[in-house]
Amino acid sequence: MGLRMVFRWFGEGNDTVSLDHIKQIPGVEGIVWALHDVPAGDEWPMEKIIAVRDQAAAHHLHIDVVESVNVHEDIKLGLPTRDKYIDNYVKTIEKLAQAGVKVICYNFMPVFDWARTELYKRLEDGSTALFFEKSKIHGIDPFDLVQTINQNSSLTMPGWEPERLAHLTSLFEAYRSVTSEDLWDHLAYFLEAVIPTAERCGITMAIHPDDPPWPIFGLPRIITGQDSLRRLLSLVDSPSNGITLCSGSLGANPDNDIIAMIHEFADRIPFAHIRNVRVYENGDFIETSHRTQDGTVDIAGIVKAYHDTGFTGYARPDHGRHLWGEQCRPGYGLYDRAMGIMYLWGLWDAYQKLQPTAEKRDTHESIA
Ligand code: CS2
Ligand code: MN
């Protein structure tokens, strides 16, 4: 038993990559999925959950990992209406458990999920990748944002669909008085409400770090590094309160020591996102191939840390470059992620061969 490789799939008709393709990537045992058409805050319908399970099962893939059940803004804002959305969240956890799900990834970023300034930035090798240009985002007044986006169509992020943009100004208004300490309180309130259900159902909630891991547009962002992950775990001390350790998100800040995090939080990481990123001196960053030398994140060291801590959780390659003319969702093509998997397996198998985990554990036990 070792690392369990999974692959993100956005669903039938919603992804250029098919389950047939995913099945052909060596060692992939399951999909990482979600009901992307269900709005945040709504309860997930059982028949839709089962439909995805059946599609996956027809390809001998499991649905153990969901990414994400999104958290409604009212929960992050701490509004009185949050309780009804939390009730829906609890019901969704129960249903997912019933369908066999083991891990639910979520994030607690206000308004936006990941943020980039360019989706198709050309790399030297001719491929394209997601790019973040610090000066384009920093210094933008949130209240000018809608106008800025309209003028600059390359500035784009998930959640920036026209219908959401219309609400952007009022959302920014609502967040104006929310400090990062408030956001921590709202996260604690949410976890205190959902973790007992997760525990009872055998589900681990796994928070995804903020991407990039610092505040943008004047909005607080709190899951940014080792100290904040430690604080997150202490909010509710339960094995069901866990982490999706994303090396790419955390790696955008070169001060983050991801290997140290793997060692410190080993038993609380049910799900690993492994990807590389190249950070430039001015703070800009671009997503690269998974190979260690191509970026500034020590992927070989990270896989070694998972190996050395006896990791038996789920792992997936994260974003990849767009290669060979592939038309796909930004960051979610088939080729680079499939190559990423082979790189991760290469490292994993080599470490395993040099020092099998079980043997290593025995040695530790006998030393201890
Ligand atoms: C990111 C996020 O890890 C990723 O691929 O692009 O969109 C991530 O899925 C969410 O933040 C998790 O809630
Ligand atoms: Mn990630």
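Quick note: the coordinates plus some simple rules give every number you see, no bench work behind them. In this text, all values refer to a predicted model and were calculated from it rather than measured experimentally. Cβ placement follows ideal geometry from the backbone for every residue including glycine, while neighbour counts extend to all protein chains displayed.
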Quiz item: In whole angstrom, how long is each semi-axis of the equivalent ellipsoid of the stretch 4-362, when you take the square root of 5 times every eigenvalue of its Cα gyration tensor and sort them from largest down?
Solution: 28, 25, 21
Practice problem: Using 0.36 nm per residue of separation minus the Cα-Cα distance, give me the extension gain between Lys23 and Thr81 in nm, one decimal. | Solution: 16.7 nm
Quiz item: How do the peptides 98-104, 39-45 rank, highest first, by the average count of neighbouring beta carbon atoms within 10 Å per residue?
Solution: 98-104, 39-45
Practice problem: Determine, from the Cβ-Cβ distance of Ala51 and Ser234 and an R0 of 30 Å, the FRET efficiency 1/(1 + (r/R0)^6), rounded to the nearest 0.05. | Solution: 0.20
Quiz item: What lysines could a cross-link reach from Lys353, if we take a straight Cα to Cα line under 19 Å and drop same-chain neighbours fewer than 8 places away?
Solution: Lys304
Quiz item: In debye, nearest 20: dipole of the stretch 4-362 around its Cα centre with unit charges on the Cβ of K, R (+) and D, E (-)?
Solution: 600 debye
Practice problem: List the lysines whose Cα lies under 27 Å from the Cα of Lys91, skipping any in the same chain that are fewer than 8 positions away. | Solution: Lys48, Lys76, Lys102
Self-check item: Set of lysines with alpha-carbon distance to Lys121 below 29 Å, sequence-local pairs under 8 removed
Solution: Lys134, Lys136
Quiz item: How far apart, in nm, are the 7 Å Cα→Cβ label points at Asp185 and Asp227?
Solution: 2.1 nm
Self-check item: ³J(HN,Hα), Karplus 6.51/-1.76/1.60, whole Hz, each residue of the stretch 56-73, x for Gly, Pro
Solution: 5, 4, 4, 10, 6, 10, 9, 10, 4, 10, 9, 9, 10, 8, 6, 8, 5, 4
Exercise. Would you work out the relative contact order for the stretch 4-362, in percent, from Cα pairs under 8 angstrom that are 6 or more residues apart?
Key: 16 percent
Practice problem: Quickly work out the Gln293-to-Trp324 label distance, labels modelled 7 Å from Cα along the C-beta direction, and quote it in nm with one decimal. | Solution: 2.2 nm
Quiz item: Any idea how far apart Arg200 and Ser135 come out in nm if each label point goes 7 Å out from Cα toward Cβ?
Solution: 5.5 nm
Quiz prompt | Förster radius 25 Å - calculated FRET efficiency between Glu192 and Asp267, Cβ distance, rounded to 0.05 | solution = 0.75
Practice problem: Grab the Cα-Cα distance for His59 and Asp255, subtract it from 0.36 nm times how many residues apart they are, and report the gain in nm with one decimal. | Solution: 66.4 nm
